[in-house]
Amino acid sequence: MVATLANSIVAPCPACELKMSAEAQPAVDIAALTAGMAKGDEDAYRMFHELYFHRFLRYLLVVMGGREEAAREALQLSLLRVVRHIRKFDSEEAFWSWLTVLARSAVVDEERRRHRYLAFLDRFFQWEKVEAVADSDAEARLQELLAANLDVLPWDERELVNRKYFARESVKEIAADTGATEKAIESQLVRIRRKLKQCILAQLKDET
């Protein structure tokens with residue numbers, strides 16, 4: 001299932017791939033540029049940004065089917081991975097190929113994160129048609145409110161939510177790790193969900 005999802009969201013059409021590969025290659029010494037980046041040279045990173053930022057974003061816009069916000073989120077993840085894993089490359093072709101691998105990996109992670117948010121919201125509001133909301137402004141606003149309310153939860157409650165709904169740990173695993181009973185963990189989760197739901201609905205009501 002994961003492999004199918006990954007293939008469906010990261011495989012641009014052949015015409016788009018051809019267009020991307022046909023872009024003019026930067027007139028720069030790639031070996032020197034990437035070696036400088038690997039050493040943490042700020043000038044090298046500035047040059048990388050000038051040469052690749054917009055090209056990288058255009059590529060991700062194609063991969064994400066034109067969804068600009070999602071493409072920019074994936075771009076941020078991709079750039080972080082560039083910083084963490086950069087090494088010297090001897091050719092522009094090899095370097096760009098590596099960048100697109102990072103981009104595709106970031107897209108998969110961004111889509112997984114998005115689906116976790118939708119599943120989490122679904123538990124609160126019991127929507128029957130989550131996909132119908134996915135392309136509307138309502139999804140973005142609900143995610144924004146959810147994130148804001150999660151941030152102000154007490155640390156222990158926020159940690160419990162993260163472990164259960166985002167790290168996908170079972171109640172049994174959490175109970176064993178914390179020394180609490182499974183019933184106590186379930187009760188705490190119910191209270192947290194109820195509190196978050198009440199806060200979000202109240203904020204939505206104030207906006208109408």
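Whenever a residue of region 186-208 is closer than 13 Å to ARG141 by Cβ, its partners that are part of a helix (DSSP H, G or I), lying with C-beta atoms within less than 6 angstrom and at least six residues away or across chains, give the pairs ILE200/LEU145; GLN203/LEU145. Of the residues making up region 150-200, those that are assigned to a helix (DSSP H, G or I), farther than 21 Å from ARG116 by Cβ and among the hydrophobic types (A, V, I, L, M, F, W, C) are ALA175, ALA176, ALA184.
Take LYS205 and decide whether it is under 24 Å from the mean Cα position of the chain (by Cα) and in a helix (DSSP H, G or I).
Considered against the rule, which asks whether it is under 24 Å from the mean Cα position of the chain (by Cα) and in a helix (DSSP H, G or I), LYS205 comes out as no.
Considering every residue within region 151-173, establish whether at least one is of a type in the set (S, T, N, Q) and either touching a helix residue (DSSP H, G or I) at 6+ places or on another chain (Cβ under 6 Å) or not assigned by TED's automatic domain parsing to the domain that holds GLN203 (or both). No, every residue in region 151-173 fails to be of a type in the set (S, T, N, Q) and either touching a helix residue (DSSP H, G or I) at 6+ places or on another chain (Cβ under 6 Å) or not assigned by TED's automatic domain parsing to the domain that holds GLN203 (or both).
The set of residues from region 45-75 being touching a residue at least 12 places away in the same chain (Cβ under 8 Å) and among the aliphatic types (A, V, I, L, M) comprises MET47, LEU51, LEU57, LEU60, VAL62, VAL63, MET64, ALA70, ALA71, ALA74, LEU75. Consider region 109-149 and keep the residues that are assigned to a loop (DSSP other than H, G, I, E, B) and over 22 Å from GLU207 (Cα atoms). The one that is modelled with the highest pLDDT is LYS129.
The values are calculated or read from the model by the stated rules, or taken from the named source; none is laboratory data. No experiment lies behind these values; they were computed from the predicted model shown. Positions of Cβ are backbone-derived with ideal geometry, glycine not excepted, and every protein chain shown enters the neighbour counts.
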